[in-house]
Amino acid sequence: MSDSMFLSLITAAAASLFVAVLLGFIRPRPAAPKDAPTEVKRNRIISDLEQDLSSAGINMPVNRYITYSIVLGGLVGAVIELAFRLEIIALVAGLGISLFGLRYFYVGRIATKRRRTQMNHIIVACREIAALIHAGNSPDAALELYSAQATSKGVESLTRESNQVAAAIAAALMMRENKGLDLSEALRESADALGNRHYRGMIEVYIRNERLDKTQVERSLLFYAESVNYTLVLRRSLANVMGLPIAEYKGMGILSPALAIYMVANLQQAADFWLSYVGQLAALGLFAYWIVGYWLQNRPLNERD
């Protein structure tokens, strides 16, 4: 193996490790007790990938997702190498796309959109179930009436998305009938399947207060709806405040490479530098500096449910 190729591989591995740690693909895992079940000891990265795919509603095995990521990263790296002869950048770009390309640009965006839709549905669900209880229905009957929206498209007129909360409640009621589960067990299983912590909180509010009286259930659900709505409003406000700085930062991230490409195309000295191994390493260093700044600005807006 030539020195240049060895340097390329070392640089690619270091950059990939840096990006993986920076974006949370590699996290410290708490020590598990020696007698912990096998499920607790599973690879944390694979578990995170499963959570991301579940949050996005993508029914795809992790192995297939990893295969798609590797293929996409290989294609990107091959295109850069064949078109520009930038060995180091091609290797780092290929590995970077394989590590987080699909996860950030596709899975992450779908998951974020889906979580926001679910939060809207949770707010409406709490208010409507409380209204049904206030109208004289028992908490159990109110759940059944609301679950009908899973097929009647009740809240979809507001969000233009399927009512995943009503569908989860309907699935819980079906599990109660078919599996003979207690309602609380069935509702908790539906929360595990949906994977949204706000829905899980709604279920716990219902279960804990349903044992008292229906008035308490009504009041608790209304209070929880306001707390979730407050969280959603705060997220929107923060997104509005951070929108302009992040947009400007993205603009600089686009203009800087465009300027470098223009210099390479028109100035021989610039081309000699940026196309050399030293120039490629410098470009990767500048990109790492930019990605750290972007991550620091975008971090408050990222919250995994």
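Bear in mind these aren't lab numbers, they're just calculated from the coordinates by the rules spelled out. What you see is a predicted model, and the numbers here were worked out from it, not measured in a lab. Neighbour counts are summed over all protein chains in view; Cβ atoms, including those assigned to glycine, are modelled from backbone coordinates with ideal geometry.
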| Length gain on complete extension for the stretch residue 46 to residue 219, per 0.36 nm per residue less the alpha carbon to alpha carbon distance? | 58.2 nm
| said: Taking a ≥ b ≥ c as the square roots of the Cα gyration tensor eigenvalues, with a/c under 1.5 meaning rounded and otherwise prolate when a/b beats b/c, else oblate, which class fits the stretch 116-233? | reply: rounded
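For the residues 162, 47, what sequence is obtained by ranking on other C-beta atoms within 10 Å, fewest first? All intermediate terms of the calculation are to be shown ahead of the outcome.
Numbers: 162 17, 47 14.
Ascending number of Cβ neighbours within 10 Å: 47, 162.
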| task | Could I have the simple spin-label model distance between residue 181 and residue 267, label points 7 Å from Cα toward Cβ, reported in nm to one decimal? | result | 6.5 nm
| note | If 275, 99 are placed from fewest to most neighbouring beta carbons inside 10 Å, the sequence is 275, 99
| Using the alpha-carbon centroid of each, what span in Å lies between the stretch 91-135 and the stretch 249-305? | 29 Å
| Positive-pole candidate from 105, 117, 207, dipole of the stretch 92-237, charges at beta carbon | 105
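Using the number of other C-beta atoms within 10 angstrom as an exposure proxy, rank 52, 182 with the fewest first. It would help to have the intermediate numbers written out before the result.
On the way: 52 20, 182 10.
Result, fewest neighbours first: 182, 52.
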| query | By the gyration tensor of its Cα atoms, with a ≥ b ≥ c the square roots of the eigenvalues, what is the shape of the stretch 224-305: rounded for a/c under 1.5, prolate for a/b over b/c, or oblate? | reply | prolate
| query | For residue 290, what charge total do you get from the other residues with a beta carbon under 14 Å from its beta carbon, if Lys and Arg give +1 and Asp and Glu give -1? | reply | 0
